[in-house]
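Encoded as structure tokens, the structure appears first; notes follow it.
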Amino acid sequence: MAPVDRIARLDIDDYRVSMDARVALASLLESFADDVAAAAADLARHADRRTIKAEDVEAYFQLAAYFG
């Protein structure tokens, strides 16, 4: 939860972040990361690789509009 706490507190020094807000943020970030990883795996598979590389993740963001 510590990484989520750091993200939740960016540029909001005058505010506290409730536990339920941190849990909600963690859930959304995990879901987003799952989507990115799945799309990157598709791109690696398309390139006949079993290893996801940074280029697959970067390509996902360039092609995100084409992924469901």
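Quick note: the coordinates plus some simple rules give every number you see, no bench work behind them. Not measured: the values here are computed from a predicted model. FYI the Cβ positions are ideal-geometry reconstructions off the backbone, even for glycines, and counts take in every protein chain you see.
Among the residues here, ASP35 qualifies as of a type in the set (Asp, Glu) and not in a loop (DSSP other than H, G, I, E, B). Answer yes or no as to whether ALA54 is of a type outside the set (D, E, K, R) and touching an Asp or Glu at 6+ places or on another chain (Cβ under 6 Å). So ALA54 does not fit the description; no. Reported count of residues in region 59-68, each being touching a residue at least 12 places away in the same chain (Cβ under 8 Å) and not in a helix (DSSP H, G or I), is 1. When region 1-38 is limited to residues that are within 16 Å of PHE67 (Cβ to Cβ) and among the charged types (D, E, K, R), the one that is surrounded by the most Cβ atoms within 10 Å (Cβ to Cβ) turns out to be ASP35. Residue pairs whose Cβ atoms lie under 6 Å apart, sitting 6 or more positions apart in sequence or on different chains, and linking a residue in region 24-38 that is touching a residue at least 24 places away in the same chain (Cβ under 8 Å) to a partner that is in a helix (DSSP H, G or I) and surrounded by 11 or more Cβ atoms within 10 Å (Cβ to Cβ), are ALA26/VAL4; VAL36/TYR60.
If you go through region 39-58 and keep only what is loosely packed, with under 12 Cβ neighbours inside 10 Å and either among the β-branched types (Val, Ile, Thr) or part of a helix (DSSP H, G or I) (or both), you end up with HIS46, THR51, ALA54.
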